[in-house]
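Chemist: The following block contains the structure, expressed as structure tokens.
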Amino acid sequence: QVQLVESGGGLVQPGGSLRLSCAASESISTIYPRAWYRQGPGKQREFVARITRDGYINYADSVKGRFTISMDIAKNTAYLQMINLKPEDTAVYYCNVDTIGNEYWGQGTQVTVSS
């Protein structure tokens, strides 16, 4: 039943980098936008980044210039490259896909930025 699977999270020092992956089932068409959200301790879930099939991209102000979203259509996998990580980036990161009939979420992957 799992149709979105995130991976790549972990513990990293401030200023470090991580690359998250979101692998989607073949049943989820590549035409739909992919997005990343995150939820930090004691905080509400917030938007991080989104990419469309034709390359339209938008980011939350808090991650602009540090995070890069991309997608490999052949692999039906979205990525989030994160650099210059800060303690405030600590959160569970979730992959999201909205189709015309369903909303999909991954199980989340933990990113912890700490020394």
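Chemist: On the basis of being in contact with a Cys (Cβ under 9 Å, 6 or more places away or on another chain) and open to solvent by less than 30 Å² (accessible area, probe 1.4 Å), does Ala49 make the cut?
Modeler: Details: in contact with a Cys (Cβ under 9 Å, 6 or more places away or on another chain): no; open to solvent by less than 30 Å² (accessible area, probe 1.4 Å): yes.
The answer is no for Ala49.
Chemist: In the stretch 95-115, what residues are touching a Gly at 6+ places or on another chain (Cβ under 6 Å) and over 11 Å from Trp36 (Cβ atoms)? So that I can check it myself, show each step before the final result.
Modeler: In the first step, residues of the stretch 95-115 are kept if they are touching a Gly at 6+ places or on another chain (Cβ under 6 Å); the result is 95, 109-111.
Once the filter is applied, which keeps residues that are touching a Gly at 6+ places or on another chain (Cβ under 6 Å) and over 11 Å from Trp36 (Cβ atoms), the stretch 95-115 yields only Gln110.
Chemist: Here is a further query. From the set of residues in the stretch 59-73 that are hydrophobic (A, V, I, L, M, F, W, C) and either closer than 17 Å to Glu26 by Cα or open to solvent by 30 Å² or more (accessible area, probe 1.4 Å) (or both), which is nearest to the chain's Cα centre (by Cα)? Don't jump to the end; show me each part of the working.
Modeler: Pass one, the stretch 59-73, residues hydrophobic (A, V, I, L, M, F, W, C): 60, 63, 67, 69, 71, 73.
Now restrict to residues that are either closer than 17 Å to Glu26 by Cα or open to solvent by 30 Å² or more (accessible area, probe 1.4 Å) (or both): 71, 73.
On the way: Met71: 11, Ile73: 16 Å.
Applying the filter and picking the extreme gives Met71.
Chemist: Based on this model, can you work out whether Pro41 counts as in contact with a strand residue (DSSP E or B) (Cβ under 7 Å, 6 or more places away or on another chain), under 14 Å from Val113 (Cα atoms) and either crowded, with 17+ Cβ neighbours inside 10 Å or in contact (Cβ under 8 Å) with a residue 24 or more places away in the chain (or both)? Walk me through it before giving the result.
Modeler: Details: in contact with a strand residue (DSSP E or B) (Cβ under 7 Å, 6 or more places away or on another chain): no; under 14 Å from Val113 (Cα atoms): yes; either crowded, with 17+ Cβ neighbours inside 10 Å or in contact (Cβ under 8 Å) with a residue 24 or more places away in the chain (or both): yes.
Criteria not met by Pro41.
Chemist: Quickly run through the stretch 79-97 and pick out the residues that are open to solvent by 20 Å² or more (accessible area, probe 1.4 Å) and within 14 Å of the chain's Cα centre (by Cα).
Modeler: First, the residues of the stretch 79-97 that are open to solvent by 20 Å² or more (accessible area, probe 1.4 Å): 79, 81, 83-84, 86-88, 90, 92, 94.
If the condition is that a residue be open to solvent by 20 Å² or more (accessible area, probe 1.4 Å) and within 14 Å of the chain's Cα centre (by Cα), then Tyr79, Gln81, Ile83, Thr90, Val92, Tyr94 are the ones that fit.
Chemist: Let me spell it out: the conditions are (1) on the phi > 0 side of the Ramachandran plot; (2) out of contact with any Lys or Arg (no Cβ under 8 Å at 6 or more places or on another chain); (3) open to solvent by 70 Å² or more (accessible area, probe 1.4 Å), and Asn76 meets all of them except one. Which number is the exception?
Modeler: Here Asn76 clears every test but (3).
Chemist: Here's another thing I want to ask about it. Can you tell me which condition Cys22 does not meet? The list is (1) out of contact with any strand residue (DSSP E or B) (no Cβ under 8 Å at 6 or more places or on another chain); (2) on the phi < 0 side of the Ramachandran plot; (3) open to solvent by less than 50 Å² (accessible area, probe 1.4 Å), and all the others hold.
Modeler: (1)
Chemist: Additional query: Restricting the stretch 44-71 to residues that are of a type in the set (D, E, K, R) and at pLDDT 95 or above, which is nearest to Val113 (Cα to Cα)? Walk me through how you get there before you give the answer.
Modeler: Taking the stretch 44-71 as the starting set, the residues that turn out to be of a type in the set (D, E, K, R) are 45-46, 50, 53-54, 61, 64, 66.
If we keep only those that are at pLDDT 95 or above too, we end up with 45-46, 50, 61, 64, 66.
Details: Arg45: 18, Glu46: 17, Arg50: 22, Asp61: 19, Lys64: 18, Arg66: 14 Å.
Among those residues, the one meeting the criterion is Arg66.
The values are calculated or read from the model by the stated rules, or taken from the named source; none is laboratory data. Predicted model, so just to flag it, every value in this text is computed and none were measured. Note that each Cβ is placed from the backbone with ideal geometry, even for glycine, and that neighbours are counted across all protein chains shown. Calculation scope for accessible area: heavy atoms of the full protein, side chains included, ligands and nucleic acids excluded. Shrake-Rupley method; radii C 1.70, N 1.55, O 1.52, S 1.80 Å.
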